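Read the figures in this text as sums done on the coordinates, not as results from a lab. Keep in mind the model is a prediction, meaning the values are calculated, not measured. Glycine also receives a Cβ, built like all others from the backbone with ideal geometry; neighbour counts cover every protein chain displayed.
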Amino acid sequence: MTNRALELLNLPPDAPPAFLLDIGCGSGLSGEILDEQGHIWVGLDIAPSMLGALVLSEGNPLMEKDRDCA
């Protein structure tokens, strides 16, 4: 599934790393492949439970969770 997310972005193979916004990131599963490819991404989700389950890779700490906005 995460490789499919990267495929859907349709980024040129020789393009430099991109800054990506993942709206509806859920648990951040797609962000893992983005990290591996050198991209920088920010995940946004309305469901606090999904943000609570966010899969974080080293070097990409969860900076803020706002549970009041859900």
Legend entry - For L20, residues with placed amide H under 5 Å, excluding near neighbours: I40, W41, V42
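Which peptide among 40-48, 28-36 comes first, and what is the full order, when sorted by highest mean count of other Cβ atoms within 10 Å? Intermediate results must be reported in sequence, preceding the final value.
Values: 40-48: 15.0, 28-36: 19.0.
With the highest mean Cβ count within 10 Å placed first, the list reads 28-36, 40-48.
So how much slack lies between I46 and L21, counting 0.36 nm per residue of separation and subtracting their Cα-Cα distance, in nm? Numbers along the way, then the final one.
Values: separation 25, 0.36 × 25 = 9.00 nm, distance 1.40 nm.
Gain on extension, I46 to L21, equals 7.6 nm.
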Legend entry - Inter-site label distance for Q37 and L9 at 7 Å from Cα along Cβ, in nm: 0.4
